[in-house]
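The values are calculated or read from the model by the stated rules, or taken from the named source; none is laboratory data. Everything quoted here is computed from the prediction, not taken from an experiment. Please note: Cβ atoms are built from the backbone with ideal geometry, for glycine as well, and neighbour counts cover all protein chains shown. Keep in mind that these areas ignore ligands, DNA and RNA; they rest on the heavy atoms of the full protein, side chains included. Shrake-Rupley method; radii C 1.70, N 1.55, O 1.52, S 1.80 Å.
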Amino acid sequence: DNHDIISLKLYQLTVERTPEEEKRDREVFLPVVDNLKLPGMEAPLEPMSGLALFLIVFFSLVAIVFAIVIGIIIYNKWQEQSRKHFY
């Protein structure tokens with residue numbers, strides 16, 4: 001069944017409380033989640049160690065050189081094929 005809410009009546013109760021009662025009620029009614037991780041509140045990342053940074057840079061350079069060598073080989077093969085055509 002579907003039900004529509006037509007109206008609401010809200011009342012605010014003002015109660016005089018002693019500071020001791022306020023403290024007791026606050027401890028009871030305030031929910032606490034100790035292990036809740038809010039978005040944007042992640043712990044900062046640790047900086048990389050020198051060895052990890054060296055390995056990343058080294059293997060990146062090796063991959064770039066490898067790609068350049070493969071590119072040169074493919075380009076030379078393409079040049080050879082284009083010279084063999086007789087027009």
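Would you check if Leu53 is exposed (fewer than 10 other Cβ atoms within 10 Å of the Cβ) and either part of a helix (DSSP H, G or I) or hydrophobic (A, V, I, L, M, F, W, C) (or both)? Even if it seems obvious, please write down each step before you answer.
Numbers: exposed (fewer than 10 other Cβ atoms within 10 Å of the Cβ): no; either part of a helix (DSSP H, G or I) or hydrophobic (A, V, I, L, M, F, W, C) (or both): yes.
In short, no.
In summary, Leu38 fulfils each of the numbered conditions (1) at pLDDT below 70; (2) open to solvent by 100 Å² or more (accessible area, probe 1.4 Å) with the single exception of condition (2).
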